[in-house]
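Following: one structure in structure tokens, then a few remarks.
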Amino acid sequence: MECKVHYFYVLLCKDGTFYGGYTTDLARRLNEHNQGIGAKYTKLSKRRPLQMIHAECFATRSEAQKAEYAFKQLTRRQKETYLRIHPSVTLPNGK
């Protein structure tokens, strides 16, 4: 049985908004978002290009999706605080 790592990630959109999501492959997902594939929110050209600014890894899909849901419930100010205090894994764009 293959062991997968599950990620909750945050993108910074060109218009300054945040987008949170779930994936098992950070580089592939960032590429898809920047090509307009996937989420309606990131398909809009005014939001691209997108930059991955944060990612956390989890052992299960459920844990990663719970983190994504919790992040999406936060206000903008709370999201900024969250991003400052939570450690991030090494991101595909080198950040």
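Observations
- Matching residues, the range 35-76, being of a type in the set (K, R), more than 20 Å from K14 (Cα to Cα) and in contact with a strand residue (DSSP E or B) (Cβ under 8 Å, 6 or more places away or on another chain): R61
- Single residue of the range 62-92 satisfying the filter (under 22 Å from T24 (Cβ atoms) and of a type in the set (D, E, K, R)) that is surrounded by the most Cβ atoms within 10 Å (Cβ to Cβ): E68
- Subset of the range 26-48 that is over 12 Å from the mean Cα position of the chain (by Cα) and aliphatic (A, V, I, L, M) - its residue that is farthest from T90 (Cα to Cα): L44
- Top-ranked residue in the range 10-24 [being β-branched (V, I, T) and closer than 18 Å to T90 by Cα; ranked as nearest to the chain's Cα centre (by Cα)]: V10
- Residue count, the range 1-24 (criterion: more than 13 Å from L50 (Cα to Cα), in contact (Cβ under 8 Å) with a residue 12 or more places away in the chain and among the charged types (D, E, K, R)): 1
A short reminder: the numbers here are calculations on the coordinates, not readings from a lab. Note that the structure is predicted; figures quoted are calculated from it, not measured. Positions of Cβ are backbone-derived with ideal geometry, glycine not excepted, and every protein chain shown enters the neighbour counts.
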